[in-house]
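K.L.:
Take a look at the following structure, please.
The values are calculated or read from the model by the stated rules, or taken from the named source; none is laboratory data. No experiment lies behind these values; they were computed from the predicted model shown. Because the Cβ atoms are built from the backbone with ideal geometry, glycine has one as well, and the counts that use them run over all protein chains shown.
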Amino acid sequence: MKALRLSEEALKHFSRGRSSVEVTEYLDRLATWMGEVNTQNHDGVTLTPAIVRFLASAEDLESGIRELERLRQETREGRFDADNELQRELEYKRFASEAGRQPNWPQGEAEQRIAFDRLTVLASTNNHQACELPEQEVIEARRAAFEAKGLLDFLREFRSHTDRPITVLGNERFGRLFVVEPLEPFLRGHFDVLYERVPSHGSMRLTVPHYLDRFQRNGFAPEFMKYLSTHMPHVVLVDVCSPRATENYTKIARGIRDLVNWFMVFNHIRAQGDRSRYVSDSSLPSHQVAELEKWWEFEVVARRISQWIEPGPTYGISHWAPDLRKEVLMGELVIPSKPAVFGNIPQVITANPAIYRTKGDDLPELMRITQPYYFNDPEKRHKEDIVPGFGEHGFETRVWGFTTDEYVAAVQRQIGIELESMVG
């Protein structure tokens with residue numbers, strides 16, 4: 001009975017006309033059936049008052065269950081009847097489960113029940129609208145293109161001064177979506193492009209990206225680690241971060257800072273533990289590197305990647321930004337900036353192409369009427385509207401308007417158009 005979480009009213013219905021032994025047997029069988037139909041996804045059955053009344057009034061529990069299963073099968077096969085109260089009630093579990101995944105839907109039990117009772121039959125098709133950017137967002141895309149072109153100019157100049165391969169890594173999400181992906185047509189054939197997701201949220205000073213569990217991976221795939229060990233390409237780590245605290249520093253995203261920590265592990269293995277071979281080129285304080293080596297994530301990653309990394313040359317860490325300040329802020333760590341040096345000595349370059357200033361007569365007008373980091377968290381600027389209701393398969397949903405992905409694609413197209421004009 002506890003597993004069923006029955007209300008007193010439901011218990012009264014199921015107990016009426018039965019002995020205590022019969023009630024126990026009845027509820028045990030009902031619990032068994034509920035355990036069979038309520039799996040770990042959104043399918044299943046909630047014992048709503050209407051379903052309780054139906055089962056309690058059925059000739060026997062088995063015949064009641066058979067009828068419920070018949071109606072559920074009818075729904076799954078596309079023969080849902082919205083006028084059949086029992087068939088509708090069997091869809092309540094799916095509605096409530098989906099509501100828990102949709103932050104804009106009712107979350108309280110009472111509110112969900114009211115919303116479910118108000119559901120209507122949906123139109124057979126989605127309301128698909130093309131994404132057209134407002135005028136201001138077209139202008140903001142022009143700013144993003146201007147910043148991306150600054151990175152492209154740097155990369156091309158760098159390319160002209162080295163024979164070493166160059167990998168441009170766009171970090172999810174801003175670095176990938178609004179910088180590197182729009183630049184792909186201009187990078188093709190001259191640069192290798194790689195995308196990773198090393199999030200800044202949850203990042204700490206000594207975080208080293210690593211495989212967290214079987215469902216989530218942070219950091220590089222083994223194939224790229226082997227490539228690093230064999231070819232030692234220059235690696236340009238690209239991401240953009242918020243405008244906060246950028247008045248006096250060149251700011252580097254914390255996710256990129258975590259990748260710098262990863263390259264300290266790489267260097268440690270390459271140098272066979274001889275920190276003196278790379279610490280002066282690391283851009284990090286020597287005490288920071290020494291502390292990092294004693295952190296558990298450093299050890300976990302070192303043990304994992306040592307199978308793919310051979311002893312050899314190490315990487316130096318340098319920085320690039322359109323307005324590189326004397327100091328770089330990486331998370332809470334302030335370090336002297338170290339400009340990238342053109343040449344063949346292997347470098348990992350942290351690159352933030354954002355221009356954070358919005359005031360000053362020396363700035364182009366475009367920079368004074370737009371915002372840096374404008375397109376961060378695009379789902380906050382546009383998120384598709386999910387409309388619930390009934391269809392031939394019972395509880396169904398429709399997508400109204402354009403999706404967040406379509407919005408991002410429209411912004412990327414506009415950045416590409418602006419880049420074509422700027423690059424010529």
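K.L.:
For residues in the stretch 254-293 being among the small types (Gly, Ala, Ser) and crowded, with 20+ Cβ neighbours inside 10 Å, which is nearest to LYS359 (Cα to Cα)?
P.N.:
Filtering the stretch 254-293 for residues that are among the small types (Gly, Ala, Ser) and crowded, with 20+ Cβ neighbours inside 10 Å, the one nearest to LYS359 (Cα to Cα) comes out as GLY255.
K.L.:
Select from the stretch 73-89 the residues that are closer than 15 Å to ASP43 by Cβ and surrounded by fewer than 13 Cβ atoms within 10 Å (Cβ to Cβ) and list them in ascending order.
P.N.:
Passing the criteria: GLN73, ARG76, GLU77.
K.L.:
Residue by residue through the stretch 56-85, note down the ones that are assigned to a helix (DSSP H, G or I) and either among the charged types (D, E, K, R) or more than 15 Å from VAL37 (Cβ to Cβ) (or both).
P.N.:
ALA56, SER57, GLU62, SER63, ARG66, GLU67, GLU69, ARG70, ARG72, GLU74, ARG76, GLU85
K.L.:
Say we look at the stretch 157-171 and pick out the residues that are touching a strand residue (DSSP E or B) at 6+ places or on another chain (Cβ under 9 Å) and of a type in the set (D, E, K, R); which of these is nearest to TYR315 (Cα to Cα)?
P.N.:
By that ranking, first place goes to ARG164.
K.L.:
Still on this structure, I have one more. Filter the stretch 158-188 down to residues that are at pLDDT 95 or above and either part of a loop (DSSP other than H, G, I, E, B) or surrounded by fewer than 16 Cβ atoms within 10 Å (Cβ to Cβ) (or both), then give me how many there are.
P.N.:
9
K.L.:
Follow-up question, since we're still on this one. Mind listing just one residue for me: the one in the stretch 358-375 that is on the phi < 0 side of the Ramachandran plot and buried (at least 16 other Cβ atoms within 10 Å of the Cβ) and, of those, farthest from the chain's Cα centre (by Cα)?
P.N.:
Result: MET367.
K.L.:
Still on this structure, please answer the following. Report, ordered by the first and then the second residue, all pairs with beta carbons closer than 8 Å, sequence separation of six or more or different chains, a first member in the stretch 10-21 that is touching a residue at least 12 places away in the same chain (Cβ under 8 Å), and a second member that is among the β-branched types (Val, Ile, Thr).
P.N.:
Once the first residue is touching a residue at least 12 places away in the same chain (Cβ under 8 Å) and sits in the stretch 10-21, its partners that are among the β-branched types (Val, Ile, Thr) give ALA10/VAL52; HIS13/VAL52; PHE14/VAL23; PHE14/VAL52.
K.L.:
For the stretch 4-31: of the residues being over 12 Å from LEU61 (Cα atoms) and hydroxyl-bearing (Ser, Thr, Tyr), which is surrounded by the most Cβ atoms within 10 Å (Cβ to Cβ)?
P.N.:
SER15
K.L.:
Right, another one. Given the conditions (1) touching a strand residue (DSSP E or B) at 6+ places or on another chain (Cβ under 7 Å); (2) over 30 Å from PRO339 (Cα atoms); (3) not in a loop (DSSP other than H, G, I, E, B), which single one is not true for PHE154?
P.N.:
(2)
K.L.:
Going through the stretch 325-376 one residue at a time, which ones are among the acidic types (Asp, Glu) and free of Cβ contacts under 8 Å to residues at least 12 places away in the same chain?
P.N.:
Passing the criteria: ASP361, ASP362, GLU365.
K.L.:
Something else: Can you tell me which residue within the stretch 114-151, out of those that are part of a loop (DSSP other than H, G, I, E, B) and among the β-branched types (Val, Ile, Thr), is farthest from ALA351 (Cα to Cα)?
P.N.:
THR120
K.L.:
Of all residues in the stretch 38-55, which are in a helix (DSSP H, G or I) and either aromatic (Phe, Trp, Tyr) or at pLDDT below 90 (or both)?
P.N.:
PHE54
K.L.:
Out of all the residues in the stretch 66-83, is one or more modelled with pLDDT of 95 or more and either hydroxyl-bearing (Ser, Thr, Tyr) or under 30 Å from GLY424 (Cβ atoms) (or both)?
P.N.:
Yes, the stretch 66-83 contains a residue that is modelled with pLDDT of 95 or more and either hydroxyl-bearing (Ser, Thr, Tyr) or under 30 Å from GLY424 (Cβ atoms) (or both).
K.L.:
Same structure again: Give me the pairs: first residue in the stretch 378-407 and closer than 18 Å to ALA96 by Cβ, second residue β-branched (Val, Ile, Thr) and not in a strand (DSSP E or B), beta-carbon distance under 8 Å, and six or more apart or on different chains, which are they?
P.N.:
Going by the 8 Å Cβ cut-off, the qualifying pairs are GLY389/THR120; PHE390/THR120; HIS393/THR75; GLY394/THR75.
K.L.:
Name the single residue, out of those in the stretch 220-253 being under 14 Å from GLU196 (Cβ atoms) and buried (at least 21 other Cβ atoms within 10 Å of the Cβ), that is modelled with the lowest pLDDT.
P.N.:
PHE220
K.L.:
Looking at ARG173, ARG88, ARG164, ARG156, which one is more than 30 Å from VAL193 (Cα to Cα), out of contact with any helix residue (DSSP H, G or I) (no Cβ under 7 Å at 6 or more places or on another chain) and of a type outside the set (Gly, Ala, Ser)?
P.N.:
Unique residue meeting the criteria: ARG88.
K.L.:
How many residues does the stretch 90-118 contain that are at pLDDT 95 or above and farther than 17 Å from THR46 by Cα?
P.N.:
1
K.L.:
Could you list, ordered by first residue, the pairs with Cβ atoms under 6 Å in which the first is in the stretch 294-307 and in a loop (DSSP other than H, G, I, E, B) and the second is at pLDDT below 95, at least 6 apart or interchain?
P.N.:
Matching pairs, first to second residue: TRP295/LEU206.
K.L.:
Could you tell me whether any residue of the stretch 334-342 is surrounded by 22 or more Cβ atoms within 10 Å (Cβ to Cβ) and either under 28 Å from the mean Cα position of the chain (by Cα) or of a type in the set (D, E, K, R) (or both)?
P.N.:
no
K.L.:
Tell me, which residue of the stretch 311-333 that is loosely packed, with under 15 Cβ neighbours inside 10 Å and modelled with pLDDT under 95 is nearest to the chain's Cα centre (by Cα)?
P.N.:
GLU332
K.L.:
Of the numbered conditions (1) surrounded by fewer than 16 Cβ atoms within 10 Å (Cβ to Cβ); (2) acidic (Asp, Glu); (3) in contact (Cβ under 8 Å) with a residue 12 or more places away in the chain; (4) part of a helix (DSSP H, G or I), GLU111 satisfies every one except a single condition; which is it?
P.N.:
Unmet for GLU111, out of (1) surrounded by fewer than 16 Cβ atoms within 10 Å (Cβ to Cβ); (2) acidic (Asp, Glu); (3) in contact (Cβ under 8 Å) with a residue 12 or more places away in the chain; (4) part of a helix (DSSP H, G or I): (3).
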